[in-house]
1. Going by what's in this entry, would Phe604 be described as among the aromatic types (Phe, Trp, Tyr), closer than 30 Å to Ala471 by Cβ and at pLDDT below 90?
2. When you look at Asn378, is it within 19 Å of Leu476 (Cβ to Cβ) and surrounded by fewer than 24 Cβ atoms within 10 Å (Cβ to Cβ), yes or no?
3. So Phe213 clears everything in (1) farther than 19 Å from Asn592 by Cα; (2) open to solvent by less than 40 Å² (accessible area, probe 1.4 Å); (3) modelled with pLDDT of 90 or more except one condition, right? Which one?
4. Looking only at residues that are outside any loop (DSSP other than H, G, I, E, B), touching a Leu at 6+ places or on another chain (Cβ under 8 Å) and not small (Gly, Ala, Ser) in region 211-248, which one is farthest from Asp586 (Cα to Cα)?
5. Somewhere in region 321-335, is a residue free of Cβ contacts under 8 Å to residues at least 24 places away in the same chain, out of contact with any Ser or Thr (no Cβ under 9 Å at 6 or more places or on another chain) and of a type outside the set (Gly, Ala, Ser)?
6. Right, Thr256: at pLDDT 90 or above and of a type in the set (S, T, N, Q) or not?
7. Of all residues in region 275-285, how many are open to solvent by 60 Å² or more (accessible area, probe 1.4 Å) and either at pLDDT below 90 or among the hydroxyl-bearing types (Ser, Thr, Tyr) (or both)?
8. So Lys283 fits all but one of (1) under 21 Å from Ser556 (Cα atoms); (2) out of contact with any helix residue (DSSP H, G or I) (no Cβ under 9 Å at 6 or more places or on another chain); what number is the exception?
Amino acid sequence: MSSKTMFNAPGKKAGFAADRAHDGARGAALLITLILLALLSAASVAMVLLVSSDTMINGYYRNYRGSFYAADSGVNVVVQSIANSVKGNANNAANPPLPLNGVPAAVTASYAPYQASYYSIVDPGSWKAQFQLIANPDGNPVLSAASGCVSSPNANDGNSPGNGDLVWTCTYPYEVTVKGQSAGTEAEEITENGIVRYSNITGTLAAGGPPKFSKWGAFITKFGDCQGALVPGTMTGPFFTDGQWNFGNYSNPGYTFTDTVGQAGANVSWWTNQCTDSPTAPKGFKAPTFQNGLQLSQNTVTPPSNTYNQAQAVLDGKGTPPCTVTPCAPDPPPSQSQMNNELKTVKGVAYPASGAAPTGVFIPYYTNSSGQKVYGSNPATGGDGAGGGFYINGNASITLAATTGGDGTTNPTQTYTITQGSTTTTIILDNVAGLTTVSSGGTTLSLAGIPQQLDPNTGQAIVQNDPSGNAVNPALLYVNGAITGLNGTVQNNEGITVVASSSVSITGDLTYMQSPVSIPADTLNASTNAGVLGIFTTSNINLYPNSNGNLTVNASLAAIGSGSSGFATPGGSIGTWTIVGGRAEDQAHSVNISTGNTYYDRRFANNFGPPWFPTAVPQPGQAGIPAGPVHMSVTRLSWKEVNR
């Protein structure tokens with residue numbers, strides 16, 4: 001029993017020690033668990049904070065990039081709208097196509113909507129963004145005030161710049177600052193500097209678009225099937241008919257054509273003992289010499305139906321703006337109220353405001369604020385300050401003279417002597433001094449200024465330079481009636497167009513002081529400063545022989561518009577009719593002329609010609625003013641972010 005006692009007492013003491021050891025282990029585990037839990041919680045909080053910060057950063061970056069792209073897109077939108085407006089407001093048939101200086105108001109208006117408020121560029125399903133054109137940080141304007149257009153000769157045209165064939169470059173420096181904004185309040189600003197350039201070549205489109213009728217050595221609207229043979233001779237320059245040519249079986253002289261010959265018809269009429277229609281000459285026929293070919297089945301060319309464009313040009317130097325949309329309506333006459341405002345006689349009597357006007361010579365002139373009498377339409381009554389020439393009411397006989405002085409100077413002058421019954425009016429134009437002198441019935445009127453031709457679209461002066469490089473001074477005589485006699489000489493560097501609403505009778509030679517081309521070779525005299533003359537009527541041009549039985553006319557002649565106008569010989573036979581220039585007629589008439597030689601004025605290529613000379617009328621399907629080659633470019637010079 002004592003041994004059992006001796007065994008149990010130590011065992012009880014050992015059990016108490018083991019319990020205490022287990023309790024300590026459990027406490028350590030709890031502590032470690034708590035520590036690990038705290039660390040895990042801290043890590044979770046850190047991860048949440050990290051993800052939240054990353055989301056915020058990504059959102060900020062997304063909004064920033066959205067705002068950046070909105071600003072960059074806005075810059076492109078604004079610059080493109082400027083370029084589109086420049087191109088849309090240019091008249092590529094005019095000299096110049098845009099204002100010479102400054103920014104057109106329509107171009108400035110093109111970007112104004114982007115300045116007023118934010119402009120949204122949201123597409124369905126895309127990110128939301130908007131932009132606004134704001135003031136430039138440096139205070140510079142959007143488009144430079146130094147903008148404008150300059151011209152240079154067309155290197156591919158030997159007659160440029162005198163024929164109006166110019167290369168135009170219009171430059172518009174820009175500085176554009178745009179604020180872009182996406183979601184939130186994040187915004188980004190971008191400034192871009194660059195240049196918008198417009199360039200074109202006016203070519204033959206310069207002052208009125210379609211070609212002048214001086215373009216042709218000969219033009220006939222109606223030349224019918226087997227109508228009658230063309231008068232033989234040497235024919236230079238382009239020839240064209242809306243009908244078909246009629247050739248006789250002639251020799252010595254026959255027909256020699258040095259330039260292109262064209263027609264709308266598919267056949268030619270060949271005359272021997274009878275008439276044969278075919279594309280080529282029949283066997284045995286003494287065929288014309290076509291040095292540059294015969295072209296059949298070409299498009300027709302339509303002349304104007306009246307002379308109102310020229311009547312209007314007397315008043316303002318412009319005439320009627322060219323038709324831009326076909327079908328083209330006939331030109332309207334100038335209003336009598338405008339004629340009353342602008343035209344006066346040498347004694348200062350105004351053209352009547354109503355009723356019939358008396359026979360006489362009427363001049364556009366006014367008295368300025370300094371009391372000086374000035375040639376041109378009165379700006380105070382709505383005029384543009386310019387005038388194209390002189391309005392002659394009633395039938396008249398006209399003599400042209402290349403003179404010296406006559407106005408108190410020793411300058412070369414052009415003198416017009418106008419006879420209406422017992423009244424003679426003399427007009428002297430001194431282009432050197434810029435003076436116009438009109439005398440009639442003992443009254444002399446001295447005016448500051450001379451006629452000038454303006455582009456009907458832009459109001460800019462049209463300047464034609466002859467091959468010598470000198471400017472050709474324009475003048476227009478408009479006769480509301482018949483010209484019963486016309487002869488004389490044209491001064492060097494003088495451009496004259498004589499127009500009548502009724503017939504024109506050429507009763508003597510019309511010549512230049514020097515020939516613009518060599519005869520018979522018909523090559524351009526490279527340094528010529530010969531004058532240029534145009535004669536236009538919608539009635540007949542009557543030809544009368546000179547004292548030698550021949551007739552020489554240095555001019556481009558146009559008897560077109562009525563449908564039956566042409567050339568007639570009521571004064572008897574003419575041996576040789578020599579033209580240095582060209583001729584156009586509605587209807588091929590039967591004339592009493594043995595030989596007709598046309599030496600084309602080579603200056604008339606490329607739309608050089610008499611001032612205000614009639615132009616072809618565009619027809620349906622044809623461009624009113626054919627588009628010239630246009631080039632637009634945008635050059636970015638610098639780009640930067642601002643206020644980021």
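The values are calculated or read from the model by the stated rules, or taken from the named source; none is laboratory data. In this text the structure is predicted, and so the values were computed from the model without any measurement. Here the Cβ positions follow ideal geometry from the backbone for every residue, glycine too, while neighbour counts run over all protein chains shown. In case anyone asks, the SASA skips ligands and DNA or RNA and just uses the protein heavy atoms, side chains included. Shrake-Rupley method; radii C 1.70, N 1.55, O 1.52, S 1.80 Å.
1. yes
2. yes
3. (3)
4. Among those that are outside any loop (DSSP other than H, G, I, E, B), touching a Leu at 6+ places or on another chain (Cβ under 8 Å) and not small (Gly, Ala, Ser), it is Phe247.
5. The answer is no; no qualifying residue exists.
6. It is false that Thr256 is at pLDDT 90 or above and of a type in the set (S, T, N, Q).
7. Selection size over region 275-285: 3.
8. Unmet for Lys283, out of (1) under 21 Å from Ser556 (Cα atoms); (2) out of contact with any helix residue (DSSP H, G or I) (no Cβ under 9 Å at 6 or more places or on another chain): (1).
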